[in-house]
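Read the structure below first, then the notes.
The values are calculated or read from the model by the stated rules, or taken from the named source; none is laboratory data. Keep in mind it's a predicted model, so treat the numbers as computed, not measured. Because the Cβ atoms are built from the backbone with ideal geometry, glycine has one as well, and the counts that use them run over all protein chains shown. What goes into the accessible areas is simple: the full protein's heavy atoms, side chains included, and nothing from ligands, DNA or RNA. Shrake-Rupley method; radii C 1.70, N 1.55, O 1.52, S 1.80 Å.
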Amino acid sequence: MDLGDDNERAALRKHLGGLFTGRKVICGTGPLAGMTDWVRILADAGARRPLLVTTARGAGPVPTEDEAHVVSLRSAHYPTMTEELRDHDRMVRRLPADLVAALDRYDPAGEALWWVDPFTSAEPIAGREVAGGRPSAWAALEDKVSVGRVWDAVGQPQSPHRVVAVTDRAGLDAACAELDRGAGVVWVADARDGFNGGGEFTRWVATAEERAAATAFFLPRCDRVRVMPFLEGVPCSIHGLVMPDGTTVFRPVELAILRSPDRRFVYGGQGTGWDPPPHDREQMRALVRRTGEHLRTLVGYRGAFGIDGILTTDGFRPTELNARFAGGLATLARGLDVDLFTLLQLNLSVGRDPGVGAADLEAWALPQMDARRTAQPKAVSNRRLVEESAEVGVSWDGDRLHRDEAGSLTLSLGPTAGGTFTRIRLGDAGLPPGSRIGPMNLALMAFLDEEYDAGFGPLTAPPEVRQ
């Protein structure tokens, strides 16, 4: 299949949309603004008017009443994004009676397909089939304490590390002393209580006081932590899709993981302007191909996954495996054909024929992703910065963001159950090759501090150390 041909790509999108054609679809849970693209995809696929189960308004445009039915599910205020996302599966499996009644009015025969995010399991919800969720064996792959087994299985060099019980104070002290190369060590939690991400269950530790604070944080949240040296270099990810006939591999993505003077990691967005050295790029891509085939053999994996890590002086060192359609791949797809990739992931998640081979998909997508560089600067604050969704015109001078209603960039802000989500939309401007996302994400967070008292504080971006 030649996906460079508009007609063939349209035919593929129609085939993939067949998952929804003529069907009632329930979407959620999550912010309403986050479902705007879903509603458009469903309309294009010929689905019936969907029912959206929402927890907050979110940032950006929202579907109209003509486009979707909307019901609200009460959600608690969560101290972290991780705890909010963990609650998605619990919420849909303990639906209040009034919401169950609303579902039954919309879909009395129980035949609707429920479209969920990857933080919800693949088990049926309220008797309805699920698309987009993950079997428990796939979700378990994200345990950051045990992921070293995957790197061992695929022959990937990794940084030295120790797995230590949080209650073992002496063991933690010994691991820190052994692994500290002069810049401290990083602790990351296991997945005892489920997924964790966004650096929220990660601590950069260099002093006895920081070890004590980290121990106090982790004790109620996990049983074990992985201790590894702090790695200097560019945080990045590399993504693939496990297809029925092989693994499609894409290009590297830079991750805006910023740092504070008190050794906090602050997560931002992703960008594709940055390029690692060519030999590192090929090694990273080869790692994804080996990993995809290993996951297929290990748990019958299908669909998207990403590998996060650091490009250090010694090369790429992986730190985690994200067994889902992660933010880096979403950024790549946004610069190409995000609806096609979204539909492809959904079809793969339910075991439906994707209608395209792994090699054909890669032959079309990889050159396009290299040619069309883009970025999605983001910031998540645990403070409620706005009560209603808002959009602000801004411009960027290469150092700072400025309010500018005539500017080429749009800053979207929206309340969530855990605080406020913000992002910058670049429009069609994109990024020139070689541009890093870190400076723009720094400018975003500084702007939010100045204008909205977001609480990020002074931050810096990681340096490039690999030649």
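A few comments on the model shown:
- Nearest-ten-degree value, helix 81-92 long axis tilted from longest Cα axis of the chain: 30 degrees
- Formal net charge of residues neighbouring THR64 (Cβ-Cβ distance under 13 Å; K, R +1; D, E -1): -1
- Spin-label model, ASP173 to ARG149: label points 7 Å out along the Cα-to-beta-carbon direction sit 3.2 nm apart.
- Under 19 Å from a label point set 7 Å out along the Cα-to-Cβ vector of ARG264, no amide N atom of region 134-163 is found.
- Between ASP66 and ASP180, the contour length at 0.36 nm per residue exceeds the alpha carbon distance by 35.2 nm.
- Between the helical axis of 169-179 and the longest alpha-carbon principal axis of the chain there is an angle of about 80 degrees.
- If R0 equals 60 Å, the separation of the Cβ atoms of ASP397 and ALA97 corresponds to a calculated FRET efficiency of about 0.65.
- Alpha-carbon centroid distance for the pair region 146-162 / region 92-136, whole angstrom: 37 Å
- The residues of region 138-279 expose on average 36 square angstrom of accessible surface per residue, using a 1.4 Å probe on protein heavy atoms.
- Accessible-area composition of region 141-185, carbon plus sulfur, in percent [1.4 Å probe]: 48 percent
- With the convex hull of the Cα atoms taken as the outline of region 245-390, the averaged projected area works out to 11.3 nm².
- Local net charge near THR410, Cβ-Cβ under 11 Å (Lys/Arg +1, Asp/Glu -1): -1
- Neighbour net charge for ALA446 - beta-carbon separation under 15 angstrom, K R +1, D E -1: -2
- Just the protein heavy atoms count here, and of the accessible area of region 352-429 at 1.4 Å, carbon and sulfur take up 43 percent.
- Taking only the Cα atoms of region 151-232, the radius of gyration and Dmax are 12.4, 38 Å.
- In the distance distribution for region 413-467, Cα-Cα pairs more than 13 Å apart total 69 percent.
- Residues of region 1-103: accessible area per residue with a 1.4 Å probe, Å²: 48 Å²
- The distance linking region 254-304 with region 1-46 is 27 Å (Cα centroid to Cα centroid, whole angstrom).
- Ratio Rg/Rh [Cα only; Rh per Kirkwood] for region 323-431: 1.06
- Extension gain (nm, one decimal) between GLU209 and ARG86, 0.36 nm per residue minus Cα-Cα: 41.3 nm
- Average accessible surface for region 316-457: 38 Å² per residue, computed with a 1.4 Å probe over protein heavy atoms with every protein chain in place.
- The order of TYR301, TYR452, TYR106 by accessible area, most exposed first and with a 1.4 Å probe, is TYR452, TYR106, TYR301.
- Distance between the C-alpha centres of region 227-251 and region 373-396: 27 Å, rounded to the whole angstrom.
- Identified option (computed Rg/Rh (Cα atoms, Kirkwood Rh); candidates (1) 0.97; (2) 1.06; (3) 0.95): (3)
- Within region 337-396, the GluC sites (Glu not before Pro) that combine a DSSP coil assignment with at most 12 other C-beta atoms in a 10 angstrom radius are GLU387, GLU388.
- Scanning residues 5 or more positions from THR312 or on other chains, those with amide H under 5 Å from its amide H are ARG317, with H placed 1.01 Å from N in the peptide plane.
- Relative contact order (%) - the chain, alpha-carbon pairs under 8 angstrom, separation at least six: 16 percent
- Spin-label model, GLU387/LEU219: points 7 Å from Cα along the beta carbon direction are separated by 4.0 nm.
- Computed over the Cα atoms of region 80-206, pair by distinct pair, the Kirkwood hydrodynamic radius stands at 17.6 angstrom.
- Compared with the dominant principal axis of the Cα atoms in the chain, helix 438-452 is inclined by about 80°.
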